[in-house]
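Reading through the structure tokens given below for one structure.
The values are calculated or read from the model by the stated rules, or taken from the named source; none is laboratory data. These numbers were taken from a predicted model, which means no experiment stands behind them. So basically every Cβ, Gly included, is an ideal-geometry build from the backbone, and we count neighbours across all protein chains shown. Accessible surface areas use protein heavy atoms only, side chains included; no ligands, DNA or RNA. Shrake-Rupley method; radii C 1.70, N 1.55, O 1.52, S 1.80 Å.
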Amino acid sequence: MAAVPELTQAERDQLLTDRPAWELAREGKAITRAFQFRDFSEAWGFMNRVALIAESQDHHPEWFNVYAKVEITLTTHDAGGLSQRDVVMAQAIDSLL
Ligand code: HBI
């Protein structure tokens, strides 16, 4: 059994209701959101803030950046899918905007 429990179907539905900018990816094993900034400096500043949150929560994003665009995917490797750690992380990321 995984060290961290995966979200139930009901918890996953609640996550998508609470965080409408995020969408399911990887057959429900992850959530993803794209962010568009004005330029690279803004995108990098955002990534820095996310990185500090990630370190404080010991929960790390998978992400892609090109110039002003940042794409973040959240999943919990220790759970083999989505967990409450992703819920908390998505909320914290959204609150930066
Ligand atoms: N980040 N996304 C993600 N998923 C994890 O399971 C995870 C992590 N960061 C650190 C971490 N787990 C630690 O608990 C160790 O498993 C490395």
Notebook entry, point to check: If you check Ala92 against the conditions, is it more than 11 Å from the chain's Cα centre (by Cα) and touching a residue at least 12 places away in the same chain (Cβ under 8 Å)?
Noted result: no
Notebook entry, point to check: Looking only at residues in segment 7-38 that are open to solvent by less than 40 Å² (accessible area, probe 1.4 Å) and within 12 Å of the chain's Cα centre (by Cα), which one is farthest from Tyr67 (Cα to Cα)?
Noted result: Leu15
Check: If we scan segment 50-61, do we find a residue that is on the phi > 0 side of the Ramachandran plot and either more than 12 Å from the chain's Cα centre (by Cα) or open to solvent by 10 Å² or more (accessible area, probe 1.4 Å) (or both)?
Finding: yes
Notebook entry, point to check: Limited to segment 51-78, what total is found for residues that are polar (S, T, N, Q), under 16 Å from Ile31 (Cα atoms) and out of contact with any strand residue (DSSP E or B) (no Cβ under 7 Å at 6 or more places or on another chain)?
Noted result: 1
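Filter segment 77-97 down to the residues that are in contact with an Asp or Glu (Cβ under 7 Å, 6 or more places away or on another chain) and of a type in the set (Gly, Ala, Ser), then identify the one that is surrounded by the fewest Cβ atoms within 10 Å (Cβ to Cβ). Before the answer, list the steps.
Taking segment 77-97 and keeping what is in contact with an Asp or Glu (Cβ under 7 Å, 6 or more places away or on another chain), we get 79-83.
Now drop any that are not of a type in the set (Gly, Ala, Ser), which leaves 79-81, 83.
On the way: Ala79: 18, Gly80: 13, Gly81: 19, Ser83: 23.
The residue in question is Gly80.
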